[in-house]
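Novice: Supplied in structure tokens, the structure appears directly below.
The values are calculated or read from the model by the stated rules, or taken from the named source; none is laboratory data. Fair warning: this is a prediction, and the values are worked out from it, not measured in the lab. As a convention, Cβ positions derive from the backbone with ideal geometry for all residues, glycine included, and neighbour counts pool all protein chains shown. Surface accessibility is based on the protein's heavy atoms, side chains included, excluding ligands, DNA and RNA. Shrake-Rupley method; radii C 1.70, N 1.55, O 1.52, S 1.80 Å.
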Amino acid sequence: MNQNTENTQETQHKRRVRYKGTYPKKFNEKYKELNPQKYGDTIAKVIRKGSTPAGMHISIMVKEILDFLQIQPGQRGLDATLGYGGHTSKMLECLKGEGHIYGLDVDPIEIVKTTKRLADKGFGQDILTTVNTNFANIDEVAKEYGTFDFILADLGVSSMQIDNPERGFSYKTDGPLDLRLNPQKGVSAADRLREITKDEFEWMLIENSDEPYASEIAKEVFELARKGKNVDTTKDLYNAVYEALSKSKDYRKASVKELKEAVKKSCQRTFQALRIDVNSEFEVLEQFLGKLPGVLSSGGRVAVLTFHSGEDRMVKKAFKQFYKEGLFREISEDVVRPSAQECNANPRARSTKMRWAVKV
């Protein structure tokens, strides 16, 4: 065999996996959704269907946020939770090429993708600086770059993380039970379950997500551990929740449909509780809120999007306290919610609440 034949064989074209069906179920097969620049028609169809395309995140309450922040060219702003960059992109447009936005994200994987995505849109280092850090460190960011005229914090987990089975954020697809926003630090949810007691897990489910079947779920998970069966994957945890509810007196005689619907809701709460614990989300939010007055410029505006009652209570309490102390001149009396139209188009928006404040 001559050298040319060998080179031809080595560089032989590898056929791409066929796009299975209209909307493939497996994350790694959704190459059209994962390449929105090339397959815009597919992306549009998925969104019209009321779903979020794989690997993407549809920004929530963009109009309401921009209406409140009143961004002007030349201002300096902070997106404390960069994510997919949707909110950041719209805020950058408001600057009209004058000013600067700093985007923070604790996720070392997604921040690289988002920085490139925004650069490709024309938002380079002259107007955007991204920093791989937790938003609890806003004081350090302000110390380096100065105070901010506007701040946005979207406390929701991005769809890119939820949809990727390798990150372990969702019970819908099997994968390692990880749940870390930064997979390079701390312990995974699976490891966390191995280092706490049954009572601690039960308390976690109640405190972090108001899970009504916390006792039954904790008992089932730790009964598996007693038998030497660790809960290592998202499917393991889903099955444990399923078994726990099927044995409960409320669902012993329930239909399969009723049981599955109850399991779905309990799984959402269970995964949420573990995610909050693994990432110390309440502690991080408390630090962020406590530092807000010190990093806002005079007259600066801050908007915070929350997705469950625990977060909202913390934001409400902090804003009221700062208002009472005379640090904020105005705060939202009631939460601002997404429109019914937005909730219909993007079901993940339904639990969103926005609170805002203006510094003196």
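Novice: Could you work out how far apart the two model spin labels at ASP334 and VAL112 are, taking each label as a point 7 Å from the Cα in the direction of the beta carbon, and quote it in nm?
Specialist: Label at ASP334, label at VAL112, 4.6 nm between them.
Novice: Another question, then. Using per-residue counts of other Cβ atoms within 10 Å, averaged over each peptide, order 123-131, 241-249 from highest down.
Specialist: Numbers: 123-131: 16.2, 241-249: 18.2.
Top of the packing list down: 241-249, 123-131.
Novice: What whole-number value in Å² describes the accessible area per residue of segment 227-318 for a 1.4 Å probe?
Specialist: 47
Novice: Let me ask something additional. Give me the percent of the accessible area of segment 79-161 that comes from carbon and sulfur atoms, probe 1.4 Å, all protein chains in place.
Specialist: Ligands and nucleic acids excluded, carbon and sulfur reach 48 percent.
Novice: I'd like the distance separating the alpha-carbon centroids of segment 238-256 and segment 284-360, in whole Å.
Specialist: If we compute the Cα centre of each part, the gap is 37 Å.
Novice: Let me ask something additional. Evaluate E = 1/(1 + (r/R0)^6) for THR129 and GLU200, where r is the Cβ-Cβ distance and R0 equals 45 Å; express this FRET efficiency to the nearest 0.05.
Specialist: With R0 = 45 Å, the Cβ-Cβ based efficiency is 0.65.
Novice: Any idea how far apart GLU283 and GLU258 come out in nm if each label point goes 7 Å out from Cα toward Cβ?
Specialist: That separation, rounded to one decimal, is 4.2 nm.
Novice: Still on this structure, I have one more. Given Cβ point charges of +1 (Lys, Arg) and -1 (Asp, Glu) and nothing else, what value in debye, to the nearest 20, does the dipole of segment 113-261 about its Cα centre take?
Specialist: Dipole size: approximately 660 debye.
Novice: Considering only protein heavy atoms, what per residue accessible area in square angstrom results for segment 167-225 with a 1.4 angstrom probe?
Specialist: 49
Novice: Taking every pair of Cα atoms in segment 265-351, average 1/r, invert it to obtain the Kirkwood radius, and report Rg/Rh to two decimals.
Specialist: Reported Rg/Rh, Kirkwood definition of Rh: 1.02.
Novice: For segment 265-325, give the magnitude of the charge dipole about the Cα centre (Cβ charges: +1 Lys/Arg, -1 Asp/Glu; no others), in debye to the nearest 20.
Specialist: Details: 10 positive and 7 negative charges, 52 e Å.
Value, rounded to 20: 260 debye.
Novice: Another question about this same structure. For segment 104-262, what D do you get in µm² per second when you plug the Kirkwood radius from alpha-carbon pairs into Stokes-Einstein at 25 °C and 0.890 mPa s?
Specialist: 133
Novice: Arranged from highest to lowest average of other beta-carbon atoms within 10 Å per residue, in what order do the peptides 65-72, 208-215, 300-307, 176-183 appear?
Specialist: Working: 65-72: 17.8, 208-215: 19.8, 300-307: 24.1, 176-183: 21.2.
Put in order of decreasing packing, that is 300-307, 176-183, 208-215, 65-72.
Novice: Right, here's the next one. Counting only protein heavy atoms, what percent of the accessible surface of segment 234-345 is carbon or sulfur at a 1.4 Å probe?
Specialist: C and S atoms contribute 46 percent here.
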